[in-house]
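*Asks:* For reference, the structure I am asking about is given below.
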Amino acid sequence: MAAVCCVARSPAGPSCGDVGVVPPPSAARAESLDRSGVSTLISQELSHQILRLHHVEKWRVNTIARQLGVHHTTVTRALHDAGIRPERSIHPSLFDPYRPFVVETLEKWPTLPASRLFQMVRERGYPGCEDHFRHHVALLRPRKPAEAFLRLRTLPGEQGQVDWACFGKITCGRAERPLVAFVMVLSYSRRLFLRFFVDMRMGSFLAGHVAAFAHFGGVPRTLLYDNLKSAVLERQGDAIRFHPTLLELASHHRFEPRPVAVARGNEKGRVERAIRYTRTSFFPARNYADLADLNRQALAWCTGPADERTVPDERTLTVREAFAQEQPLLLPLPDDEFPADERLEVRVGKTPYARFDLNDYSVPYDRVRRTLTLVATTTRVRLLDDGQLVADHARCYDRDQQIEDPAHVAELVERKREARAERGMDRLRRLVPTSTALLSLAAQRGNNLGGTTAALLRLLDEFGATECEAAVQETVTRDVPHPHAVRLTLDRRRSARSLQPPVELSLPDDRRVRELTVSPHDLRGYDALREVNDDHLD
């Protein structure tokens, strides 16, 4: 044991002229220098020194900790292990005279905010600061007794649990959208289904159900939900008004929707645990190209590693084995698939586009100034007018995009020919972005923008958007803003790849020209003219 050199001390602790304690050996010091809290290990030598300084020298806890170079909680723990409860000096507090008032007030109104209590005691003369007062209120506020929960068990095929989970953001073009996961878990086998979406709309909610039932090959008899708006529109006590679309889904698949009690997340603990398992075992450090790639990986994970884990209630079974027992007991799938569509009314303005989810979708020009029915799935957007399909587009998750049907545009341009120049510039801007810089340079030099645009559009139709963009970039770099320079660049690039120029025979789009019949002339008349010329020569 290390030698300790000390002199007689007063109970108040060491003074500036007192001889300090020789530090303990390095091994003992290393085991007790955890400044973040209570040390996990106190050596026997250190414990002996703490006890001797406490009993013999009558030092306080902080004095012992400072002289031995350890945390004060290490000293307190060593004393507690020896059955000693060191006395703490009690100083009078400004709060003490107001303690009975605060206790009485909190007994009547247990949830009264500390800010309101502080105003009340200030009116009664309390001179202290608000932070010190909040600390005392937190110690005196009544707390609910700890609640015990029963372990819930369900029969095979009886119950499933559903919830949404947020996983940050995902970039779709220029749009940054929330990345959310639809999670459904079977309560008995813990079989998990995971599908990612970029919104929590009703269409995504329904699509998640339909895909989950197909994944399980059946439907549980009861599905538990949180009180989300897609499931519960209104709730007053036990009176619950379900979302009508969810009731249609439940009627189609013959299951019972059941919301849990308000603020009782423990009633759907299996899906909460599944979400936590997804956050820790699937999503971290996950690389994916797009949403479709992420969903492919999620499905492979659900049928792979997620199925190989053991069932918490039955450690001898894996999820795959438990699901094999549960699957035959699920309700069978209906013969026809439920239409997981989102339906809403949209107003078409003076331009033939319907606005939906940050983007514009084209409609025929004769449907302007009308209200149409929009039916959206996760992949398609359809527009109906009195039940008649008038437009069908692939759904776009970017923002501020114009998704157009070429037929709709052609009809409008034919209707209003004066719009061709503007439409041509808009087409160039979308397909050949650098053309904007070329047209700006051409305008500065006084070139005809209409002719330049028409020439660039012809080159676009002939060579394609990729080649035109590269040629226009090179032309702008060389500061030659003219369509002839663009064509020369395109021809040079084509020759470099040893490609032959296309040979096209184009006729006017005129029925009279295309159906014209040409009768060949009799060439014997030319022979007669030749004989006449020969006679003149003779």
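The values are calculated or read from the model by the stated rules, or taken from the named source; none is laboratory data. As the structure is a computational prediction, the values presented were derived from the model and not from experiment. Glycine also receives a Cβ, built like all others from the backbone with ideal geometry; neighbour counts cover every protein chain displayed. Calculation scope for accessible area: heavy atoms of the full protein, side chains included, ligands and nucleic acids excluded. Shrake-Rupley method; radii C 1.70, N 1.55, O 1.52, S 1.80 Å.
*Asks:* Does any residue in the stretch 164-178 that is closer than 20 Å to LEU194 by Cβ come within less than 6 Å, Cβ to Cβ, of a residue that is modelled with pLDDT of 90 or more and surrounded by fewer than 16 Cβ atoms within 10 Å (Cβ to Cβ) six or more places away or on a different chain, and which pairs are these?
*Replies:* Here the result reads LYS169/GLU176; CYS172/ASP398, each pair linking the stretch 164-178 to a residue that is modelled with pLDDT of 90 or more and surrounded by fewer than 16 Cβ atoms within 10 Å (Cβ to Cβ).
*Asks:* Okay, moving on. Right, ARG420: open to solvent by 20 Å² or more (accessible area, probe 1.4 Å) and at pLDDT below 90 or not?
*Replies:* yes
*Asks:* Still on this structure, please answer the following. Tally the residues that are of a type in the set (Asp, Glu) and within 23 Å of GLN401 (Cα to Cα), restricting the search to the stretch 157-185.
*Replies:* The number of residues fulfilling the criteria is 1.
*Asks:* Condition first: open to solvent by less than 60 Å² (accessible area, probe 1.4 Å) and within 52 Å of the chain's Cα centre (by Cα). Now tell me which residues in the stretch 80-99 satisfy that.
*Replies:* Residues satisfying the conditions are SER93, PHE95, TYR98.
*Asks:* When you scan the stretch 304-331, how many residues do you find that are of a type in the set (Ser, Thr, Tyr) and surrounded by 15 or more Cβ atoms within 10 Å (Cβ to Cβ)?
*Replies:* Residues in the stretch 304-331 being of a type in the set (Ser, Thr, Tyr) and surrounded by 15 or more Cβ atoms within 10 Å (Cβ to Cβ): 1 in total.
*Asks:* Within the stretch 443-484, can you find the residues that are among the hydrophobic types (A, V, I, L, M, F, W, C) and either closer than 23 Å to LEU499 by Cβ or part of a loop (DSSP other than H, G, I, E, B) (or both)?
*Replies:* ALA455, LEU456, LEU457, LEU459, LEU460, PHE463, ALA465, CYS468, ALA470, ALA471, VAL472, VAL480
*Asks:* Sort out which residues of the stretch 428-442 are in a helix (DSSP H, G or I), of a type outside the set (Val, Ile, Thr) and out of contact with any Pro (no Cβ under 9 Å at 6 or more places or on another chain), and write them in order of number.
*Replies:* LEU428, ARG429, ARG430, LEU431, SER435
*Asks:* For the stretch 220-241, what are the residues that are more than 26 Å from the chain's Cα centre (by Cα), assigned to a strand (DSSP E or B) and not polar (S, T, N, Q)? Working first, answer last.
*Replies:* Step one: filter the stretch 220-241 for residues more than 26 Å from the chain's Cα centre (by Cα), giving 220-222, 234-241.
Pick out the ones that are also assigned to a strand (DSSP E or B) and you get 222, 234-236, 239-241.
If the condition is that a residue be more than 26 Å from the chain's Cα centre (by Cα), assigned to a strand (DSSP E or B) and not polar (S, T, N, Q), then GLU234, ARG235, ALA239, ILE240, ARG241 are the ones that fit.
*Asks:* Based on what the data block shows, is ARG492 at pLDDT 85 or above and open to solvent by 100 Å² or more (accessible area, probe 1.4 Å)?
*Replies:* It is true that ARG492 is at pLDDT 85 or above and open to solvent by 100 Å² or more (accessible area, probe 1.4 Å).
*Asks:* Here's something else I'd like to know. Determine whether the stretch 345-364 contains at least one residue that is within 30 Å of LEU499 (Cα to Cα), of a type in the set (Val, Ile, Thr) and open to solvent by 40 Å² or more (accessible area, probe 1.4 Å).
*Replies:* no
*Asks:* Mind checking whether some residue in the stretch 289-306 is closer than 30 Å to GLU176 by Cα, at pLDDT below 95 and part of a loop (DSSP other than H, G, I, E, B)?
*Replies:* Yes, some residue in the stretch 289-306 is closer than 30 Å to GLU176 by Cα, at pLDDT below 95 and part of a loop (DSSP other than H, G, I, E, B).
*Asks:* Additional query: Can you tell me which residue among ARG190, ARG174 is of a type outside the set (A, V, I, L, M) and farther than 14 Å from ARG270 by Cβ?
*Replies:* Residue meeting the stated conditions: ARG174.
*Asks:* Also, I was wondering about something else. Please name all residue pairs, on different chains or six or more residues apart, with Cβ atoms under 9 Å, provided the first residue is in the stretch 56-69 and is under 15 Å from ILE84 (Cβ atoms) and the second residue is open to solvent by 90 Å² or more (accessible area, probe 1.4 Å) and of a type in the set (D, E, K, R).
*Replies:* Taking only residues 6 or more apart or on different chains, the pairs are VAL61/ARG88.
*Asks:* Mind checking which pairs have a first residue in the stretch 458-476 that is of a type in the set (Val, Ile, Thr) and a second that is surrounded by fewer than 17 Cβ atoms within 10 Å (Cβ to Cβ), Cβ under 6 Å, 6 or more apart or different chains?
*Replies:* Final answer for the pair search is VAL476/ALA437.
*Asks:* Which residue pairs have Cβ atoms under 7 Å apart, sit 6 or more places apart or on different chains, and have a first residue in the stretch 135-152 that is closer than 17 Å to PHE101 by Cβ and a second that is assigned to a loop (DSSP other than H, G, I, E, B) and modelled with pLDDT of 70 or more?
*Replies:* Going by the 7 Å Cβ cut-off, the qualifying pairs are HIS136/PHE95; ARG141/PRO110; PRO142/PRO110.
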